[in-house]
Amino acid sequence: MTTADPTELAKQNIALMRHHFDVINAWDFAAAREMFHPDITIELPWTIEPFPKIISGIENVMAFMESVPQFAEAENLHDISIHAFADDPNELYAEFKSDMKLVSGREYKNDYLARATVKDGKLIRFIEWPDPIRLLVAMGGSINLPTDFGAHIVHSAND
């Protein structure tokens, strides 16, 4: 059995993840289905309601993805940087931004970190960490901090 060259495998997997972002921006759900492993899991650990924290299995992931246009007119993911782990080219890390217009008419911009795992040339795991406060505000929510918090958080040596 021939072992794949780790550098070539990393390039292939980075191209797969870049294709993932292109597919999301185009909302090409047929292409998404093709690049996802049947056992795909999407994790959104920092998300807020109504979004699920974990979606498992190709049918559930596709149902979720196909529902996103009910929330946003377009995702407009950009400034994408993707890297493969040096010790495992099937593990990927990405940073990217979004510039969305929600169906409510509100704007939603965020910065993201993501990790993906590739198995058999397909994405099997995708974890995404956006700033949930930006999402909450874009959805019309707010955060009200108590005025009597009492702590003095130092921002520099001069504070």
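Readers should treat all values here as calculations from the given coordinates under stated rules, not as data from a laboratory. Given the structure is predicted, the values throughout are model-derived calculations rather than measurements. A quick note on method: Cβ atoms are made from the backbone with ideal geometry, for glycine too, and the neighbour counts reach across all protein chains shown.
Okay, here's what the table says:
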quantity: Spatial separation of Cα centroids for region 29-48 and region 109-159, in angstrom; calculated: 20
quantity: Distance in nm between pseudo-label sites at residue 56 and residue 106 (7 Å out along the Cβ direction from Cα); calculated: 3.1
quantity: Contour excess over end-to-end distance, with Cα ends at residue 64 and residue 158 and 0.36 nm allotted per residue; calculated: 29.0 nm
quantity: Förster radius 22 Å - calculated FRET efficiency between residue 81 and residue 124 (Cβ-Cβ, nearest 0.05); calculated: 0.55
quantity: Identified option (computed log10 I(q)/I(0) by the Debye sum over Cα atoms at q = 0.10 Å⁻¹; candidates (i) -0.44; (ii) -0.85; (iii) -0.36); calculated: (i)
quantity: Inter-label distance for residue 115 and residue 34, nm, one decimal - labels placed 7 Å from Cα along Cα-to-Cβ; calculated: 3.0
quantity: Nitroxide proxy distance, nm - points 7 Å out along Cα→Cβ at residue 136 and residue 97; calculated: 2.4
quantity: Straight-distance crosslink candidates among lysines, where the alpha carbon sits under 24 Å from residue 11 and sequence neighbours closer than 8 are dropped; calculated: 97, 119, 122
